[in-house]
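These notes concern the structure reproduced below.
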There are 2 protein chains.
Amino acid sequence: MTDTLSNIEKKRGGKKAPRFSREPPQQRRAMMIEAATRCLSRGGIGGFTVDAICREAGISRGLINHYFDSLDGLLVEVYRASMYKDVNAHIEAAKRRRAENIGWPPEVALAELIKSNFAPRYFSGENLLLWLSLWAEIATNPHLKAAHRELYNAYRGELAEDIAAVAGARGRSVDAPTLARNFIALVDGLWLEWCLDETVLTPEAAEAAGFEIIEAQVGPLR
Amino acid sequence: MTDTLSNIEKKRGGKKAPRFSREPPQQRRAMMIEAATRCLSRGGIGGFTVDAICREAGISRGLINHYFDSLDGLLVEVYRASMYKDVNAHIEAAKRRRAENIGWPPEVALAELIKSNFAPRYFSGENLLLWLSLWAEIATNPHLKAAHRELYNAYRGELAEDIAAVAGARGRSVDAPTLARNFIALVDGLWLEWCLDETVLTPEAAEAAGFEIIEAQVGPLR
DNA sequence: GGTCTTGTTATACCTTTGTTCAACAAGAAC
DNA sequence: GTTCTTGTTGAACAAAGGTATAACAAGACC
């Protein structure tokens with residue numbers, strides 16, 4: 001006969017320390033999505049395994065299929081959470097600035113939005129593997145493609161509004177949506193270059209390049 | 001007793017059709033690298049398996065470990081071949097133009113180099129999964145990181161030379177290496193956006209954006 | 001304290017993966 | 001035709017993968 005943990009506890013006469021804790025479904029799902037995100041950031045899609053995720057979350061193997069259709073289903077949720085966090089933070093910040101700063105010059109809002117793209121919070125090498133994996137998933141999964149399109153358009157729209165506000169106040173004619181799209185592409189490209197070779201540029205140089213491409217059309221912002 | 005293929009052939013009295021063909025090592029390696037590249041382009045790192053590659057190349061499973069240290073070793077070779085093909089084509093074309101077009105205005109060479117980035121040959125959605133996978137490998141594999149740095153710097157140097165030539169001829173003061181780096185980032189970012197959502201821009205719009213970021217500093221090229 | 005619900009565990013199962021290796025045969029050399 | 005070299009095959013192997021499920025136990029309820 002082998003001693004189970006509870007048998008040992010009983011023999012000791014001590015109180016049983018719970019072997020696990022029960023969590024509300026929502027909370028447990030969130031824990032697992034966060035653990036899975038860390039695994040994806042650390043090891044890319046090759047590190048996104050049942051074993052690694054459960055070890056990271058401190059749970060047993062069976063729980064993934066209990067809360068998600070499959071491992072791929074969990075990956076979809078990781079995408080949703082990551083995309084929402086990154087993009088929506090920009091959007092919400094832009095909305096907040098516009099609401100709070102009524103009467104302020106639109107240049108301030110636009111400059112803040114530009115700067116936020118190069119803040120360490122976003123312009124960080126930690127998330128390279130995460131986003132490379134998610135982009136591959138977007139290209140493959142039609143469902144994620146639709147979600148990407150929606151969130152991306154929302155962000156581009158916010159940026160275009162801020163650009164148009166400045167251009168309008170200065171009496172300049174600017175194709176705001178196109179400029180917004182090019183700006184986002186530049187940010188992504190600079191970030192990618194930096195992640196693959198940190199010696200090729202600094203975050204400060206990237207921010208300067210970001211300002212330049214906007215200022216070339218709407219005039220100086222700083 | 002089971003009939004082997006050769007036994008059947010003998011019974012038929014017909015000539016044995018060779019079950020496989022022997023290839024010179026160099027050629028066989030090239031075949032396998034090409035097949036592996038197709039697998040990576042099609043299915044990403046998840047499609048980069050021994051079975052898939054051997055099926056694609058029309059060979060048996062044992063041959064990968066015969067010609068390469070491991071499957072990862074083959075991936076390194078796929079990177080080398082892809083990177084060399086894409087980047088070196090630009091570099092060689094730039095060198096050729098400069099050699100052939102001595103006495104021609106440098107604007108022509110620069111404009112051609114810019115255009116080449118958006119030609120269907122390179123600006124194509126087929127290779128998204130290929131490059132996402134390779135980028136992840138660069139970030140992970142120090143050996144590939146060094147190779148990437150070398151090839152990337154070579155390309156950026158060529159582009160910077162062409163930019164400096166135009167700026168010099170026009171008496172403009174331009175930070176050519178920085179502009180070259182920003183241009184490359186913009187191209188990569190636009191390509192990425194296009195691959196993830198083809199409705200957000202056209203290759204023509206991307207080319208226009210590419211010209212704009214250069215022309216903003218060196219003046220009109222078209 | 002006793003009962004019940006259900007979140008959680010741990011194991012078993014099957015599939016797929018990368019690697020190895022002994023046997024085979026294609027094609028050159030004679 | 002015969003021999004020899006070696007490129008190639010295909011099965012065998014262990015390791016690792018995802019999923020399903022029966023047994024367990026934590027915590028609420030009475």
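Counting the residues of region A:60-80 that are away from DNA strand D (no atom under 13 Å from the Cβ) and within 14 Å of chain B (Cβ to nearest Cβ) gives 1. Among the residues of region A:40-51, those identified as assigned to a helix (DSSP H, G or I) and under 21 Å from the mean Cα position of the chain (by Cα) are A:L40, A:S41, A:R42, A:G43, A:G44, A:I45, A:G46, A:G47.
In region A:197-222, the qualifying residues are those that are hydrophobic (A, V, I, L, M, F, W, C) and surrounded by fewer than 20 Cβ atoms within 10 Å (Cβ to Cβ), and the one that is farthest from B:E207 (Cα to Cα) is A:L221. Going by the structure shown, is B:L179 of a type in the set (A, V, I, L, M) and either at the interface with another protein chain (Cβ under 8 Å from one of its Cβ atoms) or under 30 Å from B:C39 (Cβ atoms) (or both)? Against the criterion (of a type in the set (A, V, I, L, M) and either at the interface with another protein chain (Cβ under 8 Å from one of its Cβ atoms) or under 30 Å from B:C39 (Cβ atoms) (or both)), B:L179 does not qualify.
Within region A:49-59, does at least one residue satisfy the condition of being touching a Phe, Trp or Tyr at 6+ places or on another chain (Cβ under 9 Å), within 13 Å of DNA strand D (Cβ to nearest atom) and of a type in the set (G, A, S)? No.
Every residue, every condition in (1) at pLDDT below 95; (2) exposed (fewer than 11 other Cβ atoms within 10 Å of the Cβ); (3) within 15 Å of DNA strand D (Cβ to nearest atom), yes or no:
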position: A:D3; (1), (2), (3): yes, yes, yes
position: A:K10; (1), (2), (3): yes, no, yes
position: A:E23; (1), (2), (3): yes, no, yes
position: A:A35; (1), (2), (3): no, no, yes
position: A:S82; (1), (2), (3): yes, no, no
position: A:E92; (1), (2), (3): yes, no, no
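Kindly provide the set of residues from region A:149-176 that are part of a helix (DSSP H, G or I), within 14 Å of another protein chain (Cβ to nearest Cβ) and charged (D, E, K, R), ordered by number. Passing the criteria: A:R149, A:E150, A:R156.
Within region B:133-144, residues that are more than 7 Å from chain A (Cβ to nearest Cβ) and touching a residue at least 40 places away in the same chain (Cβ under 8 Å) reach partners that are of a type in the set (K, R) and part of a helix (DSSP H, G or I) with beta carbons closer than 9 Å, at six or more positions or on different chains, in the pairs B:L144/B:R80.
Among the residues of region B:56-68, is any surrounded by 13 or more Cβ atoms within 10 Å (Cβ to Cβ), within 13 Å of DNA strand C (Cβ to nearest atom) and under 17 Å from B:T140 (Cβ atoms)? No - not one qualifying residue is present in region B:56-68. On the stretch given as region A:188-203, residues that are within 7 Å of chain B (Cβ to nearest Cβ) and assigned to a helix (DSSP H, G or I) total 7. Please go through region A:113-132 and give me each residue that is surrounded by 15 or more Cβ atoms within 10 Å (Cβ to Cβ) and either facing another protein chain (nearest Cβ under 10 Å) or not in a loop (DSSP other than H, G, I, E, B) (or both), ordered by number. Selection gives A:L113, A:I114, A:S116, A:N127, A:L128, A:L129, A:L130, A:W131, A:L132.
The values are calculated or read from the model by the stated rules, or taken from the named source; none is laboratory data. Keep in mind that what you see is a predicted model, and the values were worked out from it rather than measured. Every residue, glycine as well, gets a Cβ built from its backbone with ideal geometry; the counts of neighbours run over all protein chains shown.
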